[in-house]
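Enquirer: Got a structure for you, questions after.
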Amino acid sequence: MADRGSLASLVDRLLARLTHRAGESAAARPGRRAGGPARVGARGAEAASGGAGPAGSPPSGGNAPLADFTGPLPRITYSPKPDGRPDPGEVVWAWVPFQEDPARGKDRPVLLIAWDGPWLLALPMTSKDHDRDAAHERAQGRIWVDIGSGAWDARGRASEVGVHRILRVDPSAIRREGSVLGQQPFEAVVAALAGVHGSSR
């Protein structure tokens, strides 16, 4: 019985010694910490944490808004076409910035008058009757031309076109929700426009 007990004790001591050596060997291995996970390289750490992606711009807020046009007038031709695309002689809706604060604006109808390369030129419209304050408006540099009513105004109100301000717009930034202005009022607008800005090329 004593021999068996001595043998069991010897086996226990040998197992304890082997376990201790195995632990020391694991702790000495590069890239390992005793009782912890393996180290992760710089590239692996970036991937594991989600990393920083490439620098970029915020997503676009939409199509470019209208901007004022100050160059010489291109050739103006009355050329509306029922092709689903905006053309001179048509009334469409677009967001128009205020002159006093270009950062703000209003969705309103505009009269398309000409092409300027890839851009369309347009004139702002209003349903306000400026005949009552024409002298004051002219003193402020604002000149309006009566064009009557049309399908662009759901309430059938008479409209006026401002020839004091020419807008340049990306065709993709306008909405084709309006109608065609008759050629006679269009020519009256062009005549008034020439009186303010000079004849077109």
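Enquirer: Please name all residue pairs, on different chains or six or more residues apart, with Cβ atoms under 8 Å, provided the first residue is in the stretch 186-201 and is in contact (Cβ under 8 Å) with a residue 24 or more places away in the chain and closer than 18 Å to R138 by Cβ and the second residue is surrounded by 12 or more Cβ atoms within 10 Å (Cβ to Cβ) and aromatic (F, W, Y).
Expert: From the stretch 186-201, no pairs qualify.
Enquirer: Any residue in the stretch 61-76 that's farther than 13 Å from W95 by Cα and aromatic (F, W, Y): show its pairings with residues that are at pLDDT 85 or above and surrounded by 13 or more Cβ atoms within 10 Å (Cβ to Cβ) at Cβ separation under 6 Å, as long as the two are six or more apart or on different chains.
Expert: The qualifying pairs are F69/L121; F69/I166; F69/R168.
Enquirer: Can I ask one more? Would you point out the residue of the stretch 108-145, among those that are in contact with a helix residue (DSSP H, G or I) (Cβ under 8 Å, 6 or more places away or on another chain) and not hydrophobic (A, V, I, L, M, F, W, C), that is modelled with the highest pLDDT? Reasoning before the result, please.
Expert: Going residue by residue through the stretch 108-145, those that are in contact with a helix residue (DSSP H, G or I) (Cβ under 8 Å, 6 or more places away or on another chain) are 111, 113, 118-120, 123, 130, 143-145.
Next, only the ones that are not hydrophobic (A, V, I, L, M, F, W, C) stay: 118, 130.
Working: P118: 92, H130: 84.
The extreme case among them is P118.
Enquirer: Tell me which strands (runs of 3 or more DSSP E) are completely within the stretch 84-201 and hold 1 or more residues being surrounded by fewer than 21 Cβ atoms within 10 Å (Cβ to Cβ) and under 26 Å from the mean Cα position of the chain (by Cα), or say none if there are none. Before you say what the answer is, go through the steps one by one.
Expert: On the way: elements: 90-97, 105-116, 119-126, 144-148, 159-162, 167-169, 175-180.
Correct list: 90-97, 105-116, 119-126, 167-169, 175-180.
Enquirer: Filter the stretch 80-136 for residues that are within 21 Å of H197 (Cα to Cα) and hydroxyl-bearing (S, T, Y) and give the result.
Expert: Within the stretch 80-136, just T126 meets the criteria.
The values are calculated or read from the model by the stated rules, or taken from the named source; none is laboratory data. Since the structure is predicted, the reported quantities are computational estimates derived from the model, not experimental observations. Cβ: placed from backbone, ideal geometry, glycine included. Neighbour counts: every protein chain shown.
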